[in-house]
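The values are calculated or read from the model by the stated rules, or taken from the named source; none is laboratory data. Everything numeric here is computed off the predicted structure, so don't read it as measured data. Note that each Cβ is placed from the backbone with ideal geometry, even for glycine, and that neighbours are counted across all protein chains shown.
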Amino acid sequence: MAKKPAKKAAKKVVTRPPKPAKSKAKAKPSKAAKKPAPKKSPKSAPKILAPAPDGRLTFNHAMIYVKDVSRALGFYRDLLGFKLIEDFRYDGNPVYARLRAPGGDGTIALHQASASASIASEGVRLYFEVANLDDFCRSLMRKGFYITQMPRMMEWGWRHAYLNDPDGHEISLYWAGEMRWKKSVMQAAKAVAKR
């Protein structure tokens, strides 16, 4: 019996389509020609953060092991708004995806866990900040997603909502606002810790 060749995982990188080539021929403008619209500056390519040149440690991304990458993409990309940077596929199915936060440089990676692997992440919670926290949570609920704790003011002065992704990973959606670096936040946190 002939052996079938092993299938290789394919890497798919999301890229922008190439820009059409500009014609070198210049037409003479007629006297009645309108002034051309100002050129829009092209969108810059996503910023790739490299390690610090002085050898200091930098944070690259958080890896989240999931049972189904397509389902996780439906949550992180389609519900939370993360942008797909790249994905890897095996037999046409995504087994890895890297995503960038819609409002910053932070990235996460979704990685297919083996069927027997535990994906429990006790002691780890992902934090995503959004200014319009209440509206964002209501939007998730309208799309049928369950929020385990609706937004509320915490003792340290930040508004938090809590939920779990489809694989049970804990997530905090929050807004720190003006209380971000206030001493009162640290004092409140210390007081809570003493209880």
Going through (1) over 19 Å from ASN164 (Cα atoms); (2) modelled with pLDDT of 95 or more one by one, LEU133 fails only at (1)
* Asked: Within the stretch 134-146, is even one residue touching a strand residue (DSSP E or B) at 6+ places or on another chain (Cβ under 6 Å) and under 23 Å from VAL192 (Cβ atoms)?
  -> no
Considering the stretch 116-139, residues that are without any contact (Cβ under 8 Å) to a residue 40 or more places away in the chain and among the hydrophobic types (A, V, I, L, M, F, W, C), and then whichever is farthest from LEU84 (Cα to Cα), we arrive at CYS137
Taking the stretch 142-153 and the residues there that are loosely packed, with under 14 Cβ neighbours inside 10 Å and more than 19 Å from the chain's Cα centre (by Cα), the one that is nearest to GLU170 (Cα to Cα) would be THR148
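Please verify whether the stretch 35-46 includes one or more residues that are touching a helix residue (DSSP H, G or I) at 6+ places or on another chain (Cβ under 8 Å), assigned to a loop (DSSP other than H, G, I, E, B) and either within 26 Å of HIS169 (Cα to Cα) or modelled with pLDDT under 85 (or both).
First pass over the stretch 35-46, keeping only residues touching a helix residue (DSSP H, G or I) at 6+ places or on another chain (Cβ under 8 Å): none.
Looking through the stretch 35-46, none of the residues is touching a helix residue (DSSP H, G or I) at 6+ places or on another chain (Cβ under 8 Å), assigned to a loop (DSSP other than H, G, I, E, B) and either within 26 Å of HIS169 (Cα to Cα) or modelled with pLDDT under 85 (or both).
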In the stretch 153-176, anything in contact with a helix residue (DSSP H, G or I) (Cβ under 7 Å, 6 or more places away or on another chain) and of a type in the set (Gly, Ala, Ser) is listed as GLY157, ALA161
The residue that is farthest from the chain's Cα centre (by Cα), considering only those in the stretch 162-194 that are at pLDDT below 75 and surrounded by 17 or more Cβ atoms within 10 Å (Cβ to Cβ), is ALA188
